[in-house]
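In what follows, a structure is listed as structure tokens, so that the remarks can point back to it.
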Amino acid sequence: MSSARIILQCFILLLLAGMAMSIPPQQASPAQFFQRGQDALTRGQLDEAERDFREVLQLDPQAGGAYANLGVVYMRQKKWNKALQVLQKAEHLMPQVSGIQLNIGLAYYRQNEFVEATPPFESVVRDEPDALQPRYLLGLCYFFAERWADAATTLAPLWARESGQLAYLYVLSNAAHRAGQKELDNRATEQLIQLGDGSPEYLMFVGKYYLNLEQYDSALTEFRAAAEADPKLPFVHFNLGLTYLKKQDYQRACAEFLADAALEPDLALNYEELGDVYWLTQDDKKAEESYRGALRRDPRLVNSHLGLARIYQRQEKLAPALVEIDAAVKVDPVRPDLHYMRGQVLQHMGRKQEAKKELEAAVSLSNEHRGQGEKQETVPSPELLQDPP
């Protein structure tokens, strides 16, 4: 979310907060503390802003605007759990302010918790159906949750404003294709082609389009051209790494993920994919280091926990393997392969009754997923998680 947008919301919340109250002149009023906090927030002095909004809440625990702006402070500091705690208090006190719902959604979204982000974004879109940002974010949440029809239906109304944006067209065409909405898929794909200007960013999105269609040689051609034109283009080396990994060219995949990690050291997915490469080449030490590096950056990466569990299982370190698979199941409790592996680990630990339950759960979940139809695999898309419109 842009700083200008956050600042604008802060001023709106100030007007709605109802701070005018009768306070003895010798004592600073909540309104004065609130204004000081607002000024500090505008200047980017986050510690001072936090202190002033806390002062407001000491004097008036029902000041919803202070909770809301305190949430903005924590969001800027990337303290997502703290942000959610105070934003949810603000929501309770000021349910009519859609900006609070938007920020709650953003706090989840920034943690890649797309399922949790969906309801608050849905609420904002119901209240403001023509607002660009919440609708775009909601469409992305549906996309990442593989709710293809919902993603296409949500994003299609943005065509007039966003059809000149490569990321929008890439998401819309993929969602429409997987939802079987052929007309919308063709329209978005044709527009993507018409926008072709040969720019590195354009080449990368075309490569991504081919990558999702499993046309790996075509994807490589586009990604290589993008990387040659701009070796520092964000995510181009990550996508090259994914393509080489799909082609089982592990040496080149490793080199590309390392190249992207040098450009984007905080991108957890680089380390997770490196872990997969090292696992496949049976370098357990480097695989473990890479998965740990991924989890330091994003503790909710299921595949990194699973990767560690597989390493420990191969090394017959069953207790650590169980710890990691439990962490994975906690994040994604309906994934069949996690329950199957947990059952295997418990079986080897001699905990046969628990193992039986886990294996039965794996079969049940597999049957349930099969009944919902075969899911189409999507490749990771961190380039879509940049600041939305």
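No value in this document is a laboratory result; all are computed from the given coordinates. Only a predicted model underlies this, so the values are computations on that prediction, with no experimental measurement involved. When we count neighbours, we look across all protein chains shown, and the Cβ atoms used for this are built from the backbone with ideal geometry, even at glycine.
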Quiz item: Exposure proxy check: E256, E183, E116 ranked by fewest other beta carbons within 10 Å?
Solution: E183, E116, E256
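Quick check on the exposure proxy: order Y244, Y291 from fewest to most C-beta atoms within 10 angstrom.
On the way: Y244 22, Y291 28.
In increasing order of surrounding Cβ atoms, one gets Y244, Y291.
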Practice problem: State, to one decimal in nm, how far the label point of A149 lies from the label point of E228, with both points 7 Å from Cα in the Cβ direction. | Solution: 4.4
Quiz item: What length, rounded to one decimal in nm, is gained on full extension from R43 through to R126, with 0.36 nm per residue of separation minus their alpha-carbon distance?
Solution: 26.6 nm
Quiz prompt | From phi via Karplus (6.51, -1.76, 1.60), per-residue ³J(HN,Hα) for the stretch 355-367 in Hz, x at Gly/Pro | solution = 4, 4, 5, 5, 5, 5, 5, 4, 5, 4, 5, 4, 5
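If each residue of separation counts as 0.36 nm, what is the full-extension length gain between E360 and V115 once their alpha-carbon separation is subtracted? Spell out each step's value before the answer.
Numbers: separation 245, 0.36 × 245 = 88.20 nm, distance 2.60 nm.
Fully extending the segment from E360 to V115 adds 85.6 nm.
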Quiz item: Using a simple spin-label model with points 7 Å from Cα along the Cα→Cβ vector, what separation in nm is obtained for K286 and V334?
Solution: 3.8
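Using helices alone, I'd like the mean residue ellipticity at 222 nm for the chain: each DSSP H run of four-plus residues gives -39500 (n - 2.57), total over residue count, nearest 500.
Numbers: 22 runs with 286 residues, N = 389.
After summing the helix terms and dividing by the residues of the chain, the value is -23500 deg cm²/dmol.
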Quiz item: From the list (1) 23.9; (2) 17.6; (3) 22.1, can you say which value of mean projected area of the Cα convex hull in nm² was derived from the structure given?
Solution: (3)
Practice problem: Determine ³J(HN,Hα), in whole Hz, for all residues of the stretch 295-307 in sequence, where each value follows from phi through the Karplus function 6.51 cos²θ - 1.76 cosθ + 1.60 and θ = phi - 60°; x replaces Gly and Pro. | Solution: 6, 5, 8, 8, x, 9, 6, 4, 5, 6, 4, 4, x
Exercise. Please state the charge dipole magnitude for the stretch 293-389, taken about the Cα centre, from unit charges on C-beta atoms (+1 on K and R, -1 on D and E), reported in debye and rounded to the nearest 20.
Key: 440
Practice problem: Within 10 Å of each residue's Cβ, count the other Cβ atoms and sort L87, L211, L195 from fewest upward. | Solution: L195, L211, L87
Quiz prompt | Nitroxide proxy distance, nm - points 7 Å out along Cα→Cβ at R252 and Q215 | solution = 1.8
Self-check item: Derived scalar couplings ³J(HN,Hα) [the stretch 228-235; Karplus, 6.51 cos²θ - 1.76 cosθ + 1.60; whole Hz; x for Gly, Pro]
Solution: 5, 6, 8, x, 9, 4, x, 6
